[in-house]
1. Given the criterion out of contact with any Leu (no Cβ under 9 Å at 6 or more places or on another chain), under 18 Å from LEU149 (Cβ atoms) and surrounded by fewer than 16 Cβ atoms within 10 Å (Cβ to Cβ), identify the matching residue among ASP52, ASP130, ASP65.
2. Out of the residues in segment 124-139 meeting the condition of being in contact (Cβ under 8 Å) with a residue 40 or more places away in the chain and in contact with a Lys or Arg (Cβ under 9 Å, 6 or more places away or on another chain), tell me which one is farthest from ILE63 (Cα to Cα).
3. For residues in segment 154-184 being modelled with pLDDT of 95 or more and acidic (Asp, Glu), which is surrounded by the most Cβ atoms within 10 Å (Cβ to Cβ)?
4. Restricting to helices (runs of 4 or more DSSP H) lying wholly in segment 113-199: which have 3 or more residues that are over 28 Å from GLU86 (Cα atoms)?
Amino acid sequence: MRKFTEDESFEEDETDRMMELLSPEAFEDPCIMLRELTMLSKEKASEEPIEDAALKEVFFEKIQDMRMSYSYKPLLIKAMLNYADEENGTCPMEDIILYFREFYAKRRSKGLFVEKENSIFSQERFCDKDARRIILIYPYRRFANFQLLYYEAADQRIGFHPYLWKSLSREEKEEIKTLCDSALDRYYRRFHGKVQEDE
């Protein structure tokens, strides 16, 4: 079986390095940011376009072997599965941001570790604009590199590749949610006993 998942251990440092090279306009327009990040990226997610029939295999591989610098990737997929339009598999960005906001607020209210100190989501208050930027830079771009997700800037929506979305059964969507929960559990076990300091 062809291996699509690359080593993402450099994800945080590499993306931070690229952020320093972006134009000022990129921080105002997510489309410009995504375009510039793509140009700067040294990743070679796939040498050639992935055939539609292979998308589900690639998607499950990425979900099952989710290497994480932050909690963002499984949260994005769970948010999209919760809010995606049944017909076309697209999800409003505002719903995704709301999902992130509620997830982290729930952890905070329980006195649990929320996120790494340098994450905007570790803060009790963050604006939608900053949340959108981080979601597009980190989790979205990782899946988009493999043609699994796409972004509709005009409508502010993230969508599953149409072929992928139509190929997922109800049972498979539930399985994906379970895999995402397991990834989140593994991620937060790293910080067991670490409580976010009051701001």
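1. Going through ASP52, ASP130, ASP65 in turn, the sole match is ASP65.
2. GLU124
3. Per the criteria, the residue is GLU175.
4. 170-189
The rows are residues; the columns are (1) surrounded by fewer than 18 Cβ atoms within 10 Å (Cβ to Cβ); (2) more than 16 Å from TYR150 (Cα to Cα).
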{"residue": "SER71", "(1), (2)": "no, yes"}
{"residue": "LEU75", "(1), (2)": "no, yes"}
{"residue": "MET80", "(1), (2)": "no, no"}
{"residue": "GLU87", "(1), (2)": "yes, no"}
{"residue": "THR90", "(1), (2)": "no, no"}
{"residue": "MET93", "(1), (2)": "no, no"}
{"residue": "GLU102", "(1), (2)": "yes, yes"}
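The values are calculated or read from the model by the stated rules, or taken from the named source; none is laboratory data. Everything numeric here is computed off the predicted structure, so don't read it as measured data. So basically every Cβ, Gly included, is an ideal-geometry build from the backbone, and we count neighbours across all protein chains shown.
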